[in-house]
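Chemist: Right, I'll just put the structure down here and ask away after.
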Amino acid sequence: MEHELMELQKHISAERILVQDLTTGVCRELEEWTRADGNIDESQQELQITEPQDPFPNEIDNHEMIFLEKIDVLLAEHKVEEAVEALDAEERDSPELKGSSDTSLAEASSYRTAFLKRKEMLENQLVKITEQPSVGITELKKALSGLIKLGKGPLAHQCLLKSYGCCLQKSFEVYLPSSSVCPKVFPATISRLVFSAISSTAKDSGLIFGDNPVYINRVVQWAEWQIESFVRLVKENAPPSETISALRAASVCTQSSLSYCSMLESQGLILSKLLLVLLRPYIEEVLELNFRRARKMLFDLEEIDESLPMSPQFVSQLSAFTASSDNVLVDSGMRFMLIVEDVLEQLTPMVVLHFGGNVLTRISHLFDKYLDVLIRALPGPSDDDNLTELKEAIPFRVETDSEQLALLGIAFTVMDELLPTTVRNVWDPNKSEEPENQNAVPNLSFTPELKDWRRHLQHSFDKLRDHFCRQYVLTFIYSREGKTRLNGKIYLSENGEDLYWDSDPLPSLPFQALFAKLQQLATVAGDVLLGKEKLQKILLARLTETVLMWLSDEQEFWGVFEDESSPVQPLGLHQLILDMHFTVEIARFAGYPCRHAQQIASAIITRAIRTFSGRGMDQQSALPADEWFGETAKSAINKLLLGGSGSETSDIDEEHIILNDDVVSDSGDSGSSLSTVESFESFASASMGELESPHFTDQEG
């Protein structure tokens, strides 16, 4: 009814205009008749002059009236295409409509005004067509073409952008209810809608308006505004940022939107930088809150029980430690890996590409927290007692050698095998043996980050390893009463009970006890750390180094030699040098890396010779040949292994070999991390300065 009423109104308007034109014509005729009552001759002469010209203006007036009536009819019938063609043709054929005419100004203004009025009415009709929600793409293009023909190009382009924007908003309204039902799929759906609209708008703009830079810039500005609205919409309808669903939704959003951005680059639209700028704060917030949640799960140790889900990917590596330790310890390693795996499974390739470094850093921090828990589980206090997360009681403690080695084995397995494999599967899911595999190319840029990450993991594990070695060595060195077994006084007594110096000398009793304890630990390690020979060698080599480092830094030990009231004897210096050679030979004999131990032993020997020389002892006559110490140390190891008949080596004082679990705190920090070197290295020459002293020669143990 409304449509019909509008048509009737327009028809009445057209009829009114026709009646007005007829009335104007009649009035003009009456005026001419009135003027004709004057001079007949003049009137006849005027008629003779005007008679041939009268038909032309009348024909013009009739054409204008017919044209305007035709336009009114077309507008009433909404035949906009025909109306556009008629107006365009009339404007080309009528000079007066272009602003130049030979007719009177009044007549030209009257017709031009009527023409422009109808032209404006047609423009409004075309704009309304573009604003209709149900308008099809064909109708939209026809309406926009009509506006362009009418000289309204900017208005047509604005209508194009507005039409696509309205359609996009209506699509959002349709899919918004699904954001709570399918939170992980919703961002991808919205992303597809947004970038499809941007692509269609850019294509249609190019087809309709050409390569006009003004219109291209408007499309870019419109696309940027739509992307900002898209990111805001995703944030507003995403799950809580600390949930795993939020991480998956953010990853899917990043993956889909950046993929679409790559496609749009072929159309000259570079939007990925803007998208990353808008997404980065959101992605980093979700990552931070998810890893914060992961830390809480890691420290919520009350939930660690037998119902913890066991992943087949990890069970084979960690189940080997079940027999040597409490199940809770194994479950803690499993729990850590499940938490990390759960986070990594949510990541998409684009998130890895643009935010991989951030993720690796957070995994490193989480691993540090996990190792802090393990350090607290070892005997003795940890170096860092300020961790607020660890103030509560640890639900598991490790006391025996096998339990402590199992703890180290679990941490090493996580650091060296499980974590790198899990990360590599996410960083390069399509890893191929073929070097030209195209799927791996985007991830090559992460090689430096991955290397730095692996170094950080190794450094964190070294902290745990050094803590174990330090506490283990201190347990050996100090008795239950807190007295040290490695006292410098044993090198002052020429006939002391700790010295075996005859035709076939042996190391002092404390170092024989050290050898026995390391042998015992190596046997346990062979069972607990089966298949992890690398860890066994590094661990036992580090124990040897730790003994030497303690001896090098213990001022009370050296104070005995520097005390002027204490008598020093050549035999004491011999015994000390032999003990240092013996300690290095322990590592060499077992095939452990011994370069660092050689360096520390050389420094100790250098200091001992300097100290004894300062007390007035002639080291030239006191020291045997260089090779003698090395051969004697090797011989001592063989004797100790065979039981050493004819000597007292099999009856080492229990005070020196007692094995207990008492741990004395050590506030000092350990030396530099051990580097992987060849098992058999030549002794490093001790820097003796101006003193002539034993020179270490190359020996194969």
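Chemist: Whole-Hz ³J(HN,Hα) for each residue in the range 198-215, computed from phi via Karplus 6.51 cos²θ - 1.76 cosθ + 1.60 with θ = phi - 60°, x for glycine and proline: what do you get?
Modeler: These are the phi-based 3J(HN,Hα) values: 5, 4, 5, 5, 5, 5, 5, 4, x, 5, 8, 10, x, 9, 5, x, 4, 5 Hz.
Chemist: Quick one: Cα centre-to-centre distance for the range 222-301 and the range 67-85, in angstrom?
Modeler: Their Cα centres are 52 Å away from one another.
Chemist: In nm, to one decimal, how far is the modelled label at E120 from the one at R28, with both set 7 Å along Cα→Cβ?
Modeler: Spacing of the two 7 Å Cα→Cβ label points: 2.5 nm.
Chemist: How much solvent-accessible surface does E173 expose, in Å² to the nearest 10, with a 1.4 Å probe and all protein chains in place?
Modeler: Here the residue's solvent-accessible area equals roughly 120 Å².
Chemist: Which pairs in the list K369/K517; K463/K489; K296/K534; K162/K203 are over 27 Å apart, alpha-carbon to alpha-carbon?
Modeler: K369/K517; K463/K489; K296/K534
Chemist: Take the Cα of K534, step 7 Å along the line toward its Cβ, and report every residue of the range 568-605 whose backbone nitrogen sits under 18 Å from that point.
Modeler: Taking a point 7 Å out along Cα→Cβ of K534, the residues of the range 568-605 whose backbone N falls under 18 Å are 591-594.
Chemist: Which ³J(HN,Hα) values, rounded to whole Hz and listed in residue order, are derived for the range 571-580 from phi using the Karplus coefficients 6.51, -1.76 and 1.60 in 6.51 cos²θ - 1.76 cosθ + 1.60 with θ = phi - 60°, glycine and proline given as x?
Modeler: Running phi through 6.51 cos²θ - 1.76 cosθ + 1.60 with θ = phi - 60° gives 4, x, 5, 4, 5, 5, 5, 5, 4, 5 Hz.
Chemist: Semi-axes of the equivalent ellipsoid of the range 95-252: what are they in whole Å, largest first, if each equals the square root of 5 times a C-alpha gyration tensor eigenvalue?
Modeler: Each semi-axis is the square root of five times an eigenvalue, giving 45, 15, 11 Å.
Chemist: Can you give the FRET efficiency for R607 and Q458, using 1/(1 + (r/R0)^6), R0 = 35 Å, r = Cβ-Cβ distance, to the nearest 0.05?
Modeler: Working: r = 31 Å, r/R0 = 0.89.
Efficiency computed from Cβ-Cβ geometry: 0.65.
Chemist: Let me ask something else. If r is the Cβ-Cβ distance from E449 to W628 and R0 is 41 Å, what FRET efficiency results, to the nearest 0.05?
Modeler: Numbers: r = 53 Å, r/R0 = 1.29.
Computed FRET efficiency for E449 and W628 comes out at 0.20.
Chemist: Using 1/(1 + (r/R0)^6) with R0 = 22 angstrom and r between the beta carbons of E173 and E228, what's the FRET efficiency to the nearest 0.05?
Modeler: 0.75
Chemist: Also, quick follow-up: Tabulate in residue order the Karplus-calculated ³J(HN,Hα) for the range 165-177, using 6.51 cos²θ - 1.76 cosθ + 1.60 with θ = phi - 60°, rounded to whole Hz; enter x for Gly and Pro.
Modeler: For the range 165-177, the Karplus curve yields x, 5, 4, 5, 5, 5, 5, 4, 4, 6, 8, 4, x Hz.
The values are calculated or read from the model by the stated rules, or taken from the named source; none is laboratory data. Bear in mind that the values here come from a model prediction, so they are computed numbers and not experimental data. All Cβ positions, even for glycine, are placed from backbone atoms using ideal geometry, and neighbour counts span all protein chains on display. Keep in mind that these areas ignore ligands, DNA and RNA; they rest on the heavy atoms of the full protein, side chains included. Shrake-Rupley method; radii C 1.70, N 1.55, O 1.52, S 1.80 Å.
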